[in-house]
């Protein structure tokens, strides 16, 4: 139970000021709660391998150097450390100045792949498999139509749920989904009811 769960933040701040709490006007925190306000990459570098390696594009060209694969996530745009290439991409529907996005990681080869354009095919997935499941009802929902989220704050995506060989579940999307990322959560809904979900283990690229 959250005692202020039904109150907007402005009302909570008003009440806090009214009763004299010293944090009533404190700036909102944007840090991760368990590490506080500090550079995230600096914090992670204490615990994760940071072996640099090449950044390549979808043609296999080396376009930069990453600081360690653990510091990047699929769909990431900021902080990659590369700019536009002089060679024209218009022949493939791209642009010299289109933004770059992290699209793939080759852990064995320590290579990060980046592509230009938000809707590049490498960023789109038509299906996923998830494991480490947790269901509100204590068991998986029946196979069939549902909706799901694979990224924070995205709209519900229509899909069909099925079972996976490892005891997890599969989702087949009606429309390709952007930057489906292993390690993040897939949360399943029936209308406005959250059924549960699991951790994304793999995704299936959308057909070109």
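Observations on the structure shown:
- If you check 114, 148, 140 for being farther than 30 Å from residue 81 by Cα and part of a strand (DSSP E or B), only one passes: 148.
- Search result, residues across segment 48-57 that are touching a helix residue (DSSP H, G or I) at 6+ places or on another chain (Cβ under 9 Å) and either at pLDDT below 85 or part of a loop (DSSP other than H, G, I, E, B) (or both): 48, 49, 50, 51
- When residues of segment 41-59 are limited to those that are surrounded by fewer than 13 Cβ atoms within 10 Å (Cβ to Cβ) and without any contact (Cβ under 8 Å) to a residue 12 or more places away in the chain, the one nearest to residue 101 (Cα to Cα): 59
- Screening residue 89 with (1) buried (at least 16 other Cβ atoms within 10 Å of the Cβ); (2) at pLDDT 85 or above gives one miss only, at (2).
- Matching residues in segment 155-181 - criterion: being assigned to a loop (DSSP other than H, G, I, E, B) and without any contact (Cβ under 8 Å) to a residue 24 or more places away in the chain: 155, 165
- Residue within segment 5-13 that is modelled with pLDDT under 85 and outside the structural domain of residue 102 (by TED's automatic domain parsing) present: yes
- Residue within segment 119-130 that is surrounded by 15 or more Cβ atoms within 10 Å (Cβ to Cβ) and in a loop (DSSP other than H, G, I, E, B) present: yes
- Qualifying residue in segment 4-25 (condition: under 30 Å from the mean Cα position of the chain (by Cα) and closer than 21 Å to residue 104 by Cα): no
The values are calculated or read from the model by the stated rules, or taken from the named source; none is laboratory data. All values derive from a computational prediction rather than experimental measurement. As a convention, Cβ positions derive from the backbone with ideal geometry for all residues, glycine included, and neighbour counts pool all protein chains shown.
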